[in-house]
Amino acid sequence: MHLPLGDQRSGRFYGKDILSVSQFSRDDLEYVFGVAEAMRTMVRHVGTFDLLKGKILANLFYEPSTRTQSSFMAAMQRLGGSVIPISEVRYSSVSKGESLPDTVRTLECYADVIVLRHHEEGAAAQAAAAAKKPIINAGDGPGEHPTQALLDLFTIREELGTLDGLTVTMLGDLKFGRTVHSLSRLCSLFDVKLRFVSPPQLEMPEKVTKELTARGVAFSKHAKLEDVLAQTDVLYVTRVQKERFEDLALYESLKHAFVVTPAVMAKAKPKMALMHPLPRVGEIEPSVDDDPRAAYFRQMECGLYVRMALLAMVLGKA
Ligand code: ASP
Ligand code: CP
């Protein structure tokens, strides 16, 4: 077994920020996925190992998180490194008014890499402009969530074997959902058909659809899931992003616009991957969880291996 791990300071991601999926070529993805597979093998065989011994990650979260925060933490610890967790900026000097550039300049004095989640689009790029150490974007407002999209693609590959030739349907809040902004851009590297199903108020932003058009991606917009369900290979469900609404009455009227139930699954392909970045708040009924096509819990586990791969790569060890 060849594990692509060890000193790779000439590696293509060594010392780099990960801000957007636009940084990745198809070749890069194969590389990330290869390293993620090696990480999975190591975790299953030995659990924890010392590839990043002595390295420190600062986890800086201005917004709530369960998965991203804990999987980056677990990833660093499984690689033998350690973590400075700032998961509640209220208790940090941010609450005294410290700026984002000053906060990251502080943390890079102590850490080798910073994972940042922030409520403003562009915050990760702003942090990267201030920092010398790598910044990994863990979600910037309604902008992007690149590490999520990488783990989503890794999951699709695991579930269905290939990405080429698939119809990927994204359902729900496509306006504010940063995961679908990243995932649809990343899908443009493959021969994929995209179907966007949402209420009219929550359509995929023009900024994203223009990029898809420029890259020659086949996509279409729909108001009803039934229009596309029978041809869908990956059904990617999203939460209506309550925290981005100014008008909460509008949120209330849209929050359950689409709910995946066993009856919906009965009309879907027998071989399909049902995915969700999570948390879900009613968009997929728990009664669907035992359906073999429900991939969202497996999807979370993939996040650990992909994030281990990314940390090792930016720190020159993969
Ligand atoms: N956890 C994902 C994100 O932070 C999806 C969501 O919150 O709905 O973007
Ligand atoms: N998928 C995701 O980013 O989950 P968290 O918001 O819990 O980190």
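The values are calculated or read from the model by the stated rules, or taken from the named source; none is laboratory data. Since this is a predicted model, take the numbers as computed values, not measurements. Glycine gets a Cβ as well: all are built from the backbone with ideal geometry, and neighbour counts include every protein chain shown. The area values use the complete protein model at the heavy-atom level, side chains included, leaving out ligands, DNA and RNA. Shrake-Rupley method; radii C 1.70, N 1.55, O 1.52, S 1.80 Å.
Among (1) acidic (Asp, Glu); (2) touching a strand residue (DSSP E or B) at 6+ places or on another chain (Cβ under 8 Å); (3) not in a helix (DSSP H, G or I), there is one condition Glu108 misses while meeting the rest; what is its number?
Among (1) acidic (Asp, Glu); (2) touching a strand residue (DSSP E or B) at 6+ places or on another chain (Cβ under 8 Å); (3) not in a helix (DSSP H, G or I), Glu108 violates only (3).
Take Arg40 and tell me if it is more than 16 Å from ligand 2 (Cβ to nearest atom), open to solvent by 70 Å² or more (accessible area, probe 1.4 Å) and out of contact with any His (no Cβ under 9 Å at 6 or more places or on another chain). Let's see the steps before the verdict.
Working: more than 16 Å from ligand 2 (Cβ to nearest atom): yes; open to solvent by 70 Å² or more (accessible area, probe 1.4 Å): no; out of contact with any His (no Cβ under 9 Å at 6 or more places or on another chain): yes.
Against the criterion (more than 16 Å from ligand 2 (Cβ to nearest atom), open to solvent by 70 Å² or more (accessible area, probe 1.4 Å) and out of contact with any His (no Cβ under 9 Å at 6 or more places or on another chain)), Arg40 does not qualify.
Between Ser65, Ser70, which is surrounded by 17 or more Cβ atoms within 10 Å (Cβ to Cβ) and within 16 Å of ligand 1 (Cβ to nearest atom)? Full working, then the answer.
Numbers: Ser70 fails: surrounded by 17 or more Cβ atoms within 10 Å (Cβ to Cβ).
The unique qualifying residue is Ser65.
Scan the stretch 96-104 and tell me whether some residue there is polar (S, T, N, Q), open to solvent by 30 Å² or more (accessible area, probe 1.4 Å) and either more than 16 Å from ligand 2 (Cβ to nearest atom) or at pLDDT below 95 (or both). Steps first, answer last, please.
If we filter the stretch 96-104 for residues that are polar (S, T, N, Q), which is where we start, we get 99, 103.
Subsequent filtering for residues that are open to solvent by 30 Å² or more (accessible area, probe 1.4 Å) retains 99.
Going one step further and asking which of them are either more than 16 Å from ligand 2 (Cβ to nearest atom) or at pLDDT below 95 (or both), we end up with 99.
Within the stretch 96-104 (the criterion being polar (S, T, N, Q), open to solvent by 30 Å² or more (accessible area, probe 1.4 Å) and either more than 16 Å from ligand 2 (Cβ to nearest atom) or at pLDDT below 95 (or both)), the answer is yes, since at least one residue qualifies.
List, please: which pairs have Cβ atoms under 7 Å, are six or more places apart or on different chains, and start with a residue in the stretch 241-259 that is in a helix (DSSP H, G or I) and end with one that is of a type in the set (Ser, Thr, Tyr)?
Pairs found: Lys242/Tyr251.
Condition first: surrounded by fewer than 19 Cβ atoms within 10 Å (Cβ to Cβ), touching a residue at least 24 places away in the same chain (Cβ under 8 Å) and in a loop (DSSP other than H, G, I, E, B). Now tell me which residues in the stretch 291-313 satisfy that.
Within the stretch 291-313, Asp291, Arg293 meet the criteria.
For Ala125, state whether it is more than 16 Å from ligand 2 (Cβ to nearest atom), within 23 Å of the chain's Cα centre (by Cα) and surrounded by fewer than 16 Cβ atoms within 10 Å (Cβ to Cβ).
Details: more than 16 Å from ligand 2 (Cβ to nearest atom): yes; within 23 Å of the chain's Cα centre (by Cα): yes; surrounded by fewer than 16 Cβ atoms within 10 Å (Cβ to Cβ): no.
So Ala125 does not fit the description; no.
Find all pairs meeting these conditions: Cβ atoms under 6 angstrom apart; at least six residues apart or on different chains; first residue within the stretch 214-227 and in contact (Cβ under 8 Å) with a residue 24 or more places away in the chain; second residue of a type in the set (A, V, I, L, M).
Note: pairs meeting the criteria are Phe219/Leu194; Phe219/Leu212; His222/Val197; His222/Val228; Leu225/Val197.
When Tyr31 is evaluated against the numbered criteria (1) touching a Pro at 6+ places or on another chain (Cβ under 9 Å); (2) closer than 19 Å to Ala124 by Cα; (3) buried (at least 16 other Cβ atoms within 10 Å of the Cβ); (4) not small (Gly, Ala, Ser), which criterion, by number, is the only one it fails?
Among (1) touching a Pro at 6+ places or on another chain (Cβ under 9 Å); (2) closer than 19 Å to Ala124 by Cα; (3) buried (at least 16 other Cβ atoms within 10 Å of the Cβ); (4) not small (Gly, Ala, Ser), the lone unmet condition for Tyr31 is (2).
Failed condition for Glu120, given (1) among the acidic types (Asp, Glu); (2) more than 11 Å from ligand 2 (Cβ to nearest atom); (3) crowded, with 24+ Cβ neighbours inside 10 Å, with all others met?
Of everything listed in (1) among the acidic types (Asp, Glu); (2) more than 11 Å from ligand 2 (Cβ to nearest atom); (3) crowded, with 24+ Cβ neighbours inside 10 Å, Glu120 misses just condition (3).
Looking at the stretch 58-87, which of the residues that are free of Cβ contacts under 8 Å to residues at least 60 places away in the same chain and touching a Gly at 6+ places or on another chain (Cβ under 9 Å) is nearest to ligand 2 (Cβ to nearest atom)?
Per the stated criteria, the residue is Ser82.
For every residue, the table says whether it meets (1) surrounded by fewer than 24 Cβ atoms within 10 Å (Cβ to Cβ); (2) without any contact (Cβ under 8 Å) to a residue 40 or more places away in the chain; (3) over 25 Å from Val240 (Cβ atoms).
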{"position": "Ile136", "(1), (2), (3)": "no, no, yes"}
{"position": "Gly141", "(1), (2), (3)": "yes, no, no"}
{"position": "His145", "(1), (2), (3)": "no, no, no"}
{"position": "Ala149", "(1), (2), (3)": "no, no, no"}
{"position": "Glu158", "(1), (2), (3)": "yes, no, yes"}
{"position": "Thr162", "(1), (2), (3)": "yes, yes, yes"}
{"position": "Met170", "(1), (2), (3)": "no, no, no"}
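Just give me the residues in the stretch 173-221 being of a type in the set (Gly, Ala, Ser) and open to solvent by less than 60 Å² (accessible area, probe 1.4 Å), in sequence order.
Hits for the stretch 173-221 are Gly177, Ser182, Ser184, Ser188, Ser198, Ala218, Ser220.
Looking at the structure I just gave you, is Tyr236 within 16 Å of ligand 2 (Cβ to nearest atom) and surrounded by 11 or more Cβ atoms within 10 Å (Cβ to Cβ)?
yes
Is there a residue being assigned to a helix (DSSP H, G or I) and over 19 Å from Tyr31 (Cα atoms) anywhere in the stretch 276-287?
Checking the stretch 276-287: at least one residue is assigned to a helix (DSSP H, G or I) and over 19 Å from Tyr31 (Cα atoms).
Please tell me if Val89 is open to solvent by 20 Å² or more (accessible area, probe 1.4 Å) and touching a Phe, Trp or Tyr at 6+ places or on another chain (Cβ under 9 Å). Before the answer, list the steps.
Numbers: open to solvent by 20 Å² or more (accessible area, probe 1.4 Å): no; touching a Phe, Trp or Tyr at 6+ places or on another chain (Cβ under 9 Å): yes.
No: the conditions fail for Val89.
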